[in-house]
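S.K.: A single structure is presented below for examination.
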Amino acid sequence: MGVWWFGPRRTFLRPVDSPPRLEDRSSVDLQISPLWSSADPTRPRPPVPGPASPAPLTRPLSLRLAAAARPPARHQSRPPCAWARGRELGAMWAGRVLHAALSGGPRGRRAQSALAQLRGILEEELEGIRGAGTWKSERVITSRQGPRIHVDGVSGGILNFCANNYLGLSSHPEVIQAGLQALEEFGAGLSSVRFICGTQSIHKDLEAKIAQFHQREDAILYPSCFDANAGLFEALLTPEDAVLSDELNHASIIDGIRLCKAHKYRYRHLDMADLEAKLQEAQKHRLRLVATDGAFSMDGDIAPLQEICRLASRYGALVFVDECHATGFLGATGRGTDELLGVMDQVTIINSTLGKALGGASGGYTTGPGPLVSLLRQRARPYLFSNSLPPAVIGCASKALDLLMESNAIVQSMAAKTQRFRSKMEAAGFTISGAHHPICPVMLGDARLASCMADDMLKRGIFVIGFSYPVVPKGKARIRVQISAVHSEEDIDRCVEAFVEVGRLHGALP
Ligand code: PLP
């Protein structure tokens with residue numbers, strides 16, 4: 001919600017005041033759909049003429065928006081609330097400014113020079129990124145995600161070794177079918193956040209399934225795991241509390257922690273002595289929460305959860321693990337790092353994604369104690385103020401979990417292929433960081449070498465990505481290879497052969 005800026009030819013939507021408090025919503029957030037009928041909400045009927053019905057479509061858009069900015073007629077006998085009045089004034093003012101800009105008046109000239117100034121600043125920023133060699137360009141895939149893809153500008157199919165599609169479920173026929181069925185039955189989307197009118201039975205079912213999968217009390221869905229991380233810390237921790245975070249945690253954990261008012265401690269990557277020292281310092285706070293990635297995506301290394309849980313128990317702390325690069329495939333039945341390391345009963349909170357191994361569409365979640373999930377439904381801002389996950393996404397993720405709970409075969413297939421790749425590459429003389437994880441960073445050291453080798457791999461039909469500073473520390477450039485259950489053994493062998501050829505060409509191998 002917010003003020004709508006409008007003009008005669010172009011329309012901009014932009015909130016210019018803070019959103020209404022939740023308590024105010026009942027008075028300002030009544031939304032009338034032309035298809036709504038009080039007798040039968042599912043049966044379409046023409047809009048009822050009257051002050052609350054949408055403006056006739058024949059009126060110019062600017063007038064319709066101005067009408068929309070006015071409070072509904074039933075409120076007009078009362079003085080309009082400050083927010084509604086602000087919205088109306090904002091709409092009128094925005095219309096005048098845009099009119100002036102388009103008619104070339106003094107305000108228009110000022111707006112144009114502000115735009116010119118902005119362009120200058122942006123160009124300088126962009127040049128800085130190019131100059132630093134950190135420009136990220138995107139290859140455009142013209143097929144489904146999978147082990148073999150087509151990429152715009154590259155002739156023929158290529159073997160894909162750089163997606164988080166660890167279990168190959170992104171294009172699994174049953175997953176796609178489940179998405180189609182949910183789309184058909186439950187529609188394209190909810191046009192609403194969860195707590196207003198955006199909760200369907202499938203959302204509740206998936207939350208229950210996630211909690212069951214992780215053997216936790218309850219779960220809550222978010223539009224992404226980035227949002228789950230952005231929502232958790234602020235909702236849970238107060239200035240009386242402390243959070244202790246691994247220095248190499250994912251950006252979304254770092255951002256989520258920034259948003260909260262708890263005391264912040266950063267311990268050195270996987271350094272348990274440092275974590276213990278920080279836990280001792282943090283004894284003065286009410287709650288202590290240790291936050292770590294389960295598996296770190298740049299190195300494929302795994303948090304020492306047994307040691308973390310032992311320290312947490314000694315110093316009365318809670319443990320939070322981000323399982324984005326573990327859910328679905330680490331551990332004997334794919335439950336994640338906590339299963340792999342035998343601490344499922346000691347990790348209090350898990351955040352993870354539906355956007356990687358679990359079908360790869362999008363969405364994230366928190367799973368953990370029931371009261372925590374209840375609190376998040378009341379307080380977590382990305383949950384309260386962002387749209388519900390679309391039914392097709394829910395359908396795909398739900399089927400992915402069913403497949404994993406029915407059988408262990410996919411998880412085992414991925415583990416065997418990971419082992420094949422790691423052992424063949426190491427036998428050829430390469431250093432592969434981490435252990436057992438399908439993220440297999442081929443360590444090369446030099447940034448240019450990593451980039452040139454990745455380009456030459458693509459010429460041989462193999463899609464891998466080079467990473468260098470600042471994404472990874474200086475001198476630790478690498479090519480990150482990701483194995484999927486749907487790679488065949490021949491695919492793995494072809495990839496290794498290409499690495500050996502290209503490695504020799506560039507002097508990375510003798
Ligand atoms: N946490 C980790 C460790 C990740 O790797 C990612 C994604 O790259 C996220 C969180 C964000 O997940 P999502 O894509 O669902 O927002």
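Any read-out appearing in this document is the output of simple, stated calculations on the displayed coordinates, not a laboratory observation. Small disclaimer: the values here were computed from a predicted structure and weren't measured. Using ideal geometry, Cβ is built from the backbone for each residue, glycine included, and neighbour counts are taken over all protein chains shown.
S.K.: In terms of the Cα gyration tensor, with a ≥ b ≥ c the square roots of its eigenvalues, is the range 279-350 rounded because a/c is under 1.5, prolate because a/b exceeds b/c, or oblate? Don't skip to the answer; put the middle values down first.
M.R.: Numbers: a/c = 2.44, a/b = 1.90, b/c = 1.28.
Prolate, because a/c is 1.5 or more and a/b exceeds b/c.
S.K.: Any chance you could check the Cα centroid distance between the range 434-459 and the range 463-501 for me, in angstrom?
M.R.: 5
S.K.: Can you work out the FRET efficiency for the pair residue 174 and residue 107, with r the C-beta to C-beta distance and R0 = 45 Å, to the nearest 0.05?
M.R.: Values: r = 59 Å, r/R0 = 1.30.
It comes out at approximately 0.15.
S.K.: Now, a different point. Below 12 angstrom from the Cβ of residue 286, what's the summed charge of the other residues (Lys, Arg +1; Asp, Glu -1)?
M.R.: Working: positive: 284, 288; negative: 240, 241.
Net local charge, residue 286 excluded: 0.
S.K.: Assigning unit charges at the beta carbon (Lys, Arg +1; Asp, Glu -1) and nothing else, what dipole magnitude in debye, to the nearest 20, does the range 340-463 show about its Cα centre?
M.R.: Details: 12 positive and 7 negative charges, 39 e Å.
Using Cβ point charges on Lys, Arg, Asp and Glu, the range 340-463 gives about 180 debye.
S.K.: How would you classify the range 315-402 from its alpha-carbon gyration tensor, with a ≥ b ≥ c the square roots of the eigenvalues: rounded for a/c under 1.5, else prolate if a/b is greater than b/c, otherwise oblate? Provide the component values of the computation, followed by the final result.
M.R.: Working: a/c = 2.46, a/b = 1.11, b/c = 2.21.
Oblate, because a/c is 1.5 or more while a/b does not exceed b/c.
S.K.: Hey, another quick one. As a footprinting exposure proxy, order 327, 367 by other Cβ within 10 Å, with the fewest listed first. If you can, show how the numbers build up before the last one.
M.R.: Values: 327 32, 367 25.
Fewest-to-most ranking of 327, 367: 367, 327.
S.K.: To continue, here is another question. Place a +1 charge on the Cβ of each Lys and Arg in the range 98-185 and a -1 charge on the Cβ of each Asp and Glu, then give the dipole magnitude about the Cα centre in debye, rounded to the nearest 20. Please report the intermediate quantities before stating the final value.
M.R.: Details: 9 positive and 9 negative charges, 91 e Å.
With only Lys, Arg, Asp and Glu charged at Cβ, the dipole is about 440 debye.
S.K.: Something else about it: Per 0.36 nm of contour for each residue apart, how much would the distance between residue 504 and residue 427 grow if the chain were fully extended, relative to their Cα-Cα spacing? It would help to have the intermediate numbers written out before the result.
M.R.: Values: separation 77, 0.36 × 77 = 27.72 nm, distance 1.44 nm.
Extra length from residue 504 to residue 427 when fully extended: 26.3 nm.
S.K.: For residue 459, give me every one of the aspartates and glutamates with a C-alpha distance below 15 angstrom, ignoring sequence neighbours fewer than eight places off in its own chain.
M.R.: 152, 497, 501
S.K.: From the P(r) of the range 192-334, could you give the percentage of C-alpha pairs in the tail past 27 Å?
M.R.: Details: 2475 of 10153 pairs.
Considering the range 192-334, 24 percent of its Cα-Cα pairs are separated by more than 27 Å.
S.K.: State the Cα centre-to-centre distance between the range 336-361 and the range 239-298 in whole Å.
M.R.: Centre-to-centre (Cα) distance: 18 Å.
S.K.: Evaluate the Kirkwood expression for the hydrodynamic radius of the range 345-453, namely the inverse of the mean inverse distance over all pairs of different C-alpha atoms, and round to one decimal in Å.
M.R.: Details: mean 1/r = 0.0570 Å⁻¹.
Roughly 17.5 Å, rounded to one decimal.
S.K.: So between residue 247 and residue 123, what do we pick up on full extension, going 0.36 nm a residue minus the alpha carbon distance? Please report the intermediate quantities before stating the final value.
M.R.: Working: separation 124, 0.36 × 124 = 44.64 nm, distance 3.19 nm.
In short, 41.4 nm is gained.
S.K.: With a sphere of radius 14 Å drawn around the Cβ of residue 158, what net charge do the other residues whose Cβ falls strictly inside it have (Lys, Arg +1; Asp, Glu -1)? Don't skip to the end; give the middle numbers.
M.R.: Numbers: positive: 139, 144, 148, 459, 460, 494; negative: 152, 455, 456, 491.
Once positives and negatives cancel, what remains is +2.
S.K.: Need the C-alpha centroid separation for the range 181-231 versus the range 123-152, integer Å.
M.R.: That distance is 31 Å.
S.K.: While we're on this one: Binned at 10 Å from 0, what are the whole-percent values of the Cα-Cα distance distribution for the range 135-243, short to long?
M.R.: P(r) over the range 135-243, rounded to whole percents: 10, 26, 32, 23, 8, 1.
S.K.: Mean projection of the alpha-carbon convex hull of the range 445-488 over all orientations, in nm²?
M.R.: Quarter of the Cα hull surface area: 3.4 nm².
S.K.: Length gain on complete extension for the stretch residue 204 to residue 269, per 0.36 nm per residue less the alpha carbon to alpha carbon distance?
M.R.: Result for the pair: 19.7 nm of gain on full extension.
S.K.: Around residue 362, with a cut-off of 14 angstrom between Cβ atoms, what is the net charge of the other residues, counting Lys and Arg +1 and Asp and Glu -1?
M.R.: Values: positive: 356; negative: 227.
Taking every other residue near residue 362 into account, the sum is 0.
S.K.: At most 12 other Cβ atoms within 10 Å and a DSSP loop assignment: could you name the chymotrypsin sites (Phe, Trp or Tyr not before Pro) in the range 108-202 that fit? Mind showing how you got there, number by number?
M.R.: Details: sites: 135, 161, 166, 186, 195; in loops: 135, 161, 166.
Here the sparse-neighbourhood loop sites are 135.
S.K.: Suppose R0 equals 35 Å. What FRET efficiency, 1/(1 + (r/R0)^6) with r the Cβ-Cβ distance, do residue 185 and residue 144 give to the nearest 0.05? Display every interim value, and only then the final one.
M.R.: Values: r = 23 Å, r/R0 = 0.65.
Working from the Cβ atoms, E equals 0.95.
S.K.: Residue 405 versus residue 489, label points 7 Å from Cα toward the beta carbon: distance in nm?
M.R.: 3.3
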